[in-house]
């Protein structure tokens, strides 16, 4: 996914490296950029915002082709940073500690489109939380994709963590409930629940 995004941004920089950036040129390139971002599973609203901000920062700029290339690169970088920095920050450690004070586990359900790295991200977070001294259980809530349970169990084994799983085809909500129940019974701090990939058109 990130290699595709890198290729998309490189293409934008290359296509806008002219002596003067006109609105017509920008519109065409940024329309292509929007489509490419959406194809890379970037949310429509985010793709639109990136295109809009980039357009406003570039139109009418004049320079040598090298300077324009650097200008486009820097404006693209600045646009992406602004969007990331504007996203509300969450202190997950503080939230976990608050739940812990109440004697309850903190539950995180990982959601997202197929192939975007939910299970890997879950394992990375589990590793971080374990290093911070929290007790963690991993829940195999993806009961549809072949190999998903084994993949999560492999991560858990490397991290020395317990997994909660059922058979393939089982009700994911039931598996998640089992995980939370287990965490409460064993006084664990965090429950990390993997899930099957979803897109907006999926139902049930």
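The values are calculated or read from the model by the stated rules, or taken from the named source; none is laboratory data. Quick caveat: nothing in here was measured; it's all calculated off a predicted structure. Because the Cβ atoms are built from the backbone with ideal geometry, glycine has one as well, and the counts that use them run over all protein chains shown.
Within the range 166-183, the set of residues being surrounded by 13 or more Cβ atoms within 10 Å (Cβ to Cβ) and assigned to a helix (DSSP H, G or I) comprises 172, 175, 176, 177, 178, 179, 180, 181, 182, 183. Inspect all residues belonging to the range 162-171 and state whether any of them is under 22 Å from the mean Cα position of the chain (by Cα) and modelled with pLDDT under 95. No - not one qualifying residue is present in the range 162-171.
Scanning the range 98-118 for residues that are at pLDDT 90 or above, assigned to a helix (DSSP H, G or I) and surrounded by 14 or more Cβ atoms within 10 Å (Cβ to Cβ) gives 99, 100. Anything in the range 145-165 that is in a strand (DSSP E or B) and surrounded by fewer than 21 Cβ atoms within 10 Å (Cβ to Cβ)? List them, or say none. 162, 163, listed by residue number.
The single residue among 24, 55, 28, 18 that is modelled with pLDDT under 85 and closer than 16 Å to residue 82 by Cα turns out to be 55.
In the range 119-144, the qualifying residues are those that are touching a strand residue (DSSP E or B) at 6+ places or on another chain (Cβ under 8 Å) and assigned to a loop (DSSP other than H, G, I, E, B), and the one that is surrounded by the fewest Cβ atoms within 10 Å (Cβ to Cβ) is 135.
Conditions tested, residue by residue: (1) on the phi < 0 side of the Ramachandran plot; (2) assigned to a helix (DSSP H, G or I); (3) assigned by TED's automatic domain parsing to the domain that holds residue 125; (4) modelled with pLDDT of 65 or more.
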| position | (1), (2), (3), (4) |
| --- | --- |
| 9 | yes, yes, no, no |
| 36 | yes, yes, no, yes |
| 41 | no, no, no, yes |
| 45 | yes, yes, no, yes |
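Quick one: is residue 138 over 24 Å from residue 41 (Cα atoms) and touching a helix residue (DSSP H, G or I) at 6+ places or on another chain (Cβ under 6 Å)? In short, yes.
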